[in-house]
Amino acid sequence: MATQQRAREAKNQVKEFLRGVAEVNGVGITRVDEGWAVRVNLLSALPARKVLPSAIDGVPVEARIVGPATAHAG
Amino acid sequence: MRLSSARELKADLQAELAAGERSVVYDNVASTALRVTDPLVASLVSLQRGLILHRLPRLRRLATQVPALGVAKLASGWGLAIRVQEPTGSSRELVHYLVGKAAEEADVKVVGPVITHAGSPTDRYRPLQRGVSIGHPDVTAGTLGCFVQRPGRRIEVLSANHVLANANQARLGDPILQPGTNDLGKAPDDTIGSLTAVVPIIPGHANRADVALCELSDGVECDLGAPSILADVAEDLTDISDVAKLGRTTGRTEGRIRVLELDGLVIDEPHLGSIEFDGLVEIEGVGRPFSEPGDSGAVVTDRSGAHALAIIIGGNTDRHLSWATPLADVLAMLEAQLYT
């Protein structure tokens with residue numbers, strides 16, 4: 001079970017791993033059933049050459065397509 | 001009891017409640033020692049003393065903690081209906097008293113925060129309240145987030161930079177309208193104050209906030225108790241999941257925090273293009289979008305509505321996702337405090 005602090009450390013590694021990848025739209029931490037995980041937000045699926053590890057140092061890494069974000073003025 | 005008896009009891013207790021409130025108000029305004037002999041008044045005084053008292057508008061808070069009374073159809077006949085918004089210790093004391101007066105023939109329910117359905121958030125509100133339409137004259141409309149205070153200044157309204165400052169395009173001193181222009185707000189009739197602070201949004205950098213302040217003009221009042229009371233700002237969101245917000249477009253919605261400390265989220269802003277943000281909170285709406293265009297600036301709270309957590313800055317409506325900046329970070333940047 002990963003603690004929040006370990007998830008933060010893993011998040012920084014994931015950010016570095018994905019630096020400059022156009023499909024990525026944010027990296028954060030999220031609660032999972034047992035502890036914490038790294039969450040990767042994507043605009044679309046990652047290119048085949050960029051394989052995201054399922055865990056880093058025991059911290060699960062999960063990805064989700066969230067699409068683009070827009071400012072919410074009316 | 002009979003229906004007529006239930007009605008009489010309700011009327012008597014309402015009169016007692018009203019008298020109790022007057023006593024409490026007198027006690028606070030005149031700062032005199034109140035001789036508390038009536039248990040009802042004692043409960044009200046206890047409620048009121050549990051709150052911060054040095055500003056008169058705060059007296060409105062009492063109204064959310066005093067039970068509403070009606071008549072209820074019970075299995076055995078008629079009784080007293082008691083509706084409580086928050087099950088606090090003091091309101092429990094008051095409910096026990098009321099149930100005793102009804103000789104246990106009562107129907108008690110905790111109903112949670114009640115929001116008026118009389119008006120739309122796009123209407124003109126005086127006094128001002130959270131969750132309603134607001135904006136710079138060159139902006140369509142956003143949401144009035146909350147009221148804050150900085151040392152030596154009047155009360156200020158907090159909302160998003162792209163709502164109050166047109167995404168860096170506005171100048172300090174520009175008028176701010178309530179409602180916003182999309183909701184037919186016009187200067188000078190609907191001007192509530194002027195732009196007084198902006199945290200700039202910087203393209204090409206990792207921004208940590210999209211926020212600005214508007215100082216209220218003389219004579220523009222705010223209702224701190226409407227539509228619910230914000231008691232404080234949560235410093236740590238780690239253990240909070242279920243949240244809600246009040247916004248100009250979607251009103252009150254509920255959601256769940258899905259991601260914390262989200263870095264590198266890019267938000268498309270019409271004037272500035274793609275802007276990167278760090279340190280965000282991601283919220284997923286329950287059954288519908290948590291926010292939509294027009295809701296920027298809205299304060300995210302816990303489900304009780306009492307604890308302020310973050311400010312909405314953007315979202316993806318199709319996926320029911322919203323992104324917000326933690327309010328504690330924003331207030332620290334502005335050296336401001338929540339005005340409660």
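The values are calculated or read from the model by the stated rules, or taken from the named source; none is laboratory data. Source: prediction; values computed, not measured. Reconstructed Cβ throughout: ideal geometry from the backbone, glycine too, with neighbour counts over all protein chains shown. For accessibility, only protein heavy atoms count, side chains too; no ligands or nucleic acids. Shrake-Rupley method; radii C 1.70, N 1.55, O 1.52, S 1.80 Å.
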Would you mind counting up the charge near B:Glu335? Only other residues with Cβ under 14 Å from its Cβ, with Lys and Arg at +1 and Asp and Glu at -1. 0
State, as an integer percentage, the relative contact order of chain A based on alpha-carbon contacts under 8 Å between residues 6 or more apart. 32
Rounded, prolate or oblate: which one fits chain A, using the alpha carbon gyration tensor with axes a ≥ b ≥ c (rounded when a/c is under 1.5, else prolate when a/b beats b/c, else oblate)? oblate
Run the simple label-point estimate for B:Val110 and A:Ile65 please: 7 Å along Cα→C-beta, distance reported in nm. 4.2
By how many degrees, 0 to 90 and rounded to 10, does the Cα axis of helix A:4-17 deviate from the longest principal axis of chain A? 50
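For B:Met333, B:Met1, what's the largest-to-smallest order of accessible area, 1.4 Å probe? Write out the running numbers ahead of the final one.
Working: B:Met333 80, B:Met1 50 Å².
Greatest to least solvent exposure: B:Met333, B:Met1.
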The summed charge of the B:Asp123 Cβ neighbourhood (under 15 Å; Lys/Arg +1, Asp/Glu -1) stands at +1
How much net charge surrounds B:Gly180 when only other residues with a Cβ under 10 Å from its Cβ are counted (Lys, Arg +1; Asp, Glu -1)? -1
Quick check: with the 1.4 Å probe, what order do B:Val148, B:Val110 take by accessible area, largest first? B:Val110, B:Val148
Straight-line reach only, C-alpha to C-alpha below 19 angstrom: list the lysines that B:Lys10 could link to, leaving out same-chain residues fewer than 8 apart. B:Lys73, B:Lys101, B:Lys109
Can you pull the accessible area of B:Leu260 for me, 1.4 Å probe, Å² to the nearest 10? 20
MRE, 222 nm, helices only [DSSP H, n ≥ 4, -39500 (n - 2.57), over the protein assembly as shown, to nearest 500]: -6000 deg cm²/dmol
Averaged over A:29-40, number of beta-carbon atoms from partner chains that fall within 10 Å: 3
Chain lengthening between B:Ile202 and B:Leu172 when straightened (0.36 nm per residue, less Cα-Cα): 9.1 nm
